[in-house]
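The values are calculated or read from the model by the stated rules, or taken from the named source; none is laboratory data. Quick caveat, the model's predicted, so the values are computed rather than measured. Here the Cβ positions follow ideal geometry from the backbone for every residue, glycine too, while neighbour counts run over all protein chains shown. For accessibility, only protein heavy atoms count, side chains too; no ligands or nucleic acids. Shrake-Rupley method; radii C 1.70, N 1.55, O 1.52, S 1.80 Å.
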Amino acid sequence: MRIDVVTIFPDLVAGPLGTSIMGRAVESGAVEFAVHDLREHGIGRHRSVDDEPYGGGAGMVMRPEPLFGAVEPLRAAGAHVVLMDPAGERLDDALARELAERPHLALLCGRYEGYDDRIRSVVDQEVSIGDYVLTGGELPALVVIDAVVRLVPGVIQEASHRGDSFASGLLEYPQYTRPETYRDLSVPPVLLSGHHGEVDAWRRREALRRTYERRPDLLDHVELDEADRTFLRSLGFDG
Ligand code: SAM
């Protein structure tokens with residue numbers, strides 16, 4: 001997979017892409033990143049990329065020429081162009097999986113009050129990371145990249161992300177490691193039993209419990225069997 005990022009702050013993006021699992025994904029050849037400085041398409045001696053909004057108002061708006069100049073070659077190279085924008089489709093597990101299927105993504109990071117709206121005519125998708133506003137699209141782009149790259153085959157063990165929260169539709173069950181007892185808090189005995197069947201059943205029940213207690217809305221979209229329903233009813237679930 002190849003991911004291009006277009007930003008006025010390339011250094012802000014480049015660091016995390018070379019670190020930890022992202023860095024290893026590059027070394028293994030599973031992913032290739034390229035970070036482009038939007039100012040290379042900037043206007044005039046100062047490589048300007050913004051101007052005042054037509055109609056007046058606070059702040060500056062990103063001009064269309066640099067944006068089109070950066071995006072068009074990436075489109076021509078076959079990239080699926082994603083605009084980072086609070087008005088976009090909200091990122092979730094399903095969208096991350098969809099994006100992870102694409103061989104080539106290009107993420108466009110906004111700044112200031114956002115983009116001249118005409119850029120929307122040459123992007124394929126608009127993505128938001130949640131209902132709040134950050135100062136720029138670089139952190140949202142890194143969030144998208146991290147969520148997507150860990151799903152690319154070979155980056156982490158598939159079994160590891162298949163059990164994660166949301167992948168099965170449920171939140172993940174509680175996890176423990178050594179020591180068995182810490183400050184009089186003990187690991188549930190079933191996890192020490194070595195009985196895989198009982199461990200799996202406990203994990204399923206605890207995932208159901210956590211989801212019911214914290215995100216009952218998720219249960220509307222999960223396939224529940226009779227044992228799941230019986231357990232959930234014992235907690236008060238009436239679905
Ligand atoms: N005036 C814009 C609005 O109200 O929607 C907000 C602009 S924001 C200060 C600057 C840039 O940060 C946006 O163009 C976008 O690229 C990025 N950004 C901020 N919050 C975001 C979010 N929740 N999801 C994705 N991108 C975001």
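Annotation: of all residues in the stretch 197-208 being open to solvent by 80 Å² or more (accessible area, probe 1.4 Å) and within 31 Å of the chain's Cα centre (by Cα), the one that is nearest to S168 (Cα to Cα) is R204. I want to confirm something. Restricting to the stretch 157-192 and keeping residues that are modelled with pLDDT of 95 or more and in contact with a Lys or Arg (Cβ under 8 Å, 6 or more places away or on another chain), which single residue is nearest to the ligand (Cβ to nearest atom)? By that ranking, first place goes to L171. Confirm whether G59 is touching a residue at least 40 places away in the same chain (Cβ under 8 Å), farther than 21 Å from Q125 by Cβ and within 16 Å of the ligand (Cβ to nearest atom). It is true that G59 is touching a residue at least 40 places away in the same chain (Cβ under 8 Å), farther than 21 Å from Q125 by Cβ and within 16 Å of the ligand (Cβ to nearest atom). In the stretch 78-105, the residues that are without any contact (Cβ under 8 Å) to a residue 60 or more places away in the chain and assigned to a strand (DSSP E or B) form Cβ pairs under 6 Å with partners that are among the aliphatic types (A, V, I, L, M) and within 14 Å of the ligand (Cβ to nearest atom), at six or more places apart or across chains, as follows: V81/V71; V81/A106; V81/V123; L83/L108; L83/V123; P86/V133; G88/V127; E89/V127. Taking first residues from the stretch 122-143 that are over 11 Å from R90 (Cβ atoms) and partners that are within 6 Å of the ligand (Cβ to nearest atom) and acidic (D, E), the Cβ contacts under 8 Å between residues at least 6 apart in sequence or on separate chains come to G137/D85. G194 falls short on exactly one of the conditions (1) open to solvent by less than 70 Å² (accessible area, probe 1.4 Å); (2) within 26 Å of F237 (Cα to Cα); (3) without any contact (Cβ under 8 Å) to a residue 24 or more places away in the chain, and that condition is (2).
Applying the selection to the stretch 89-128, what residues are farther than 22 Å from A70 by Cα, open to solvent by less than 50 Å² (accessible area, probe 1.4 Å) and more than 9 Å from the ligand (Cβ to nearest atom)?
D93, L95, A96, A100
Taking T211, is it in a helix (DSSP H, G or I) and either open to solvent by 100 Å² or more (accessible area, probe 1.4 Å) or outside the structural domain of G23 (by TED's automatic domain parsing) (or both)? When the stated conditions are applied, T211 passes them.
Search the stretch 64-88 for residues being among the aliphatic types (A, V, I, L, M) and surrounded by fewer than 16 Cβ atoms within 10 Å (Cβ to Cβ), and hand back the single one that is nearest to the chain's Cα centre (by Cα).
Per the criteria, the residue is A87.
Among the residues making up the stretch 135-155, those that are more than 30 Å from G114 (Cβ to Cβ) and either within 16 Å of the ligand (Cβ to nearest atom) or surrounded by fewer than 16 Cβ atoms within 10 Å (Cβ to Cβ) (or both) are P153, G154.
Filter the stretch 29-56 down to the residues that are assigned to a loop (DSSP other than H, G, I, E, B), within 16 Å of the ligand (Cβ to nearest atom) and surrounded by 15 or more Cβ atoms within 10 Å (Cβ to Cβ) and list them by number. Correct list: V49, P53. Assess whether F231 counts as being in contact (Cβ under 8 Å) with a residue 60 or more places away in the chain and either within 27 Å of L91 (Cβ to Cβ) or surrounded by 17 or more Cβ atoms within 10 Å (Cβ to Cβ) (or both). Against the criterion (in contact (Cβ under 8 Å) with a residue 60 or more places away in the chain and either within 27 Å of L91 (Cβ to Cβ) or surrounded by 17 or more Cβ atoms within 10 Å (Cβ to Cβ) (or both)), F231 does not qualify.
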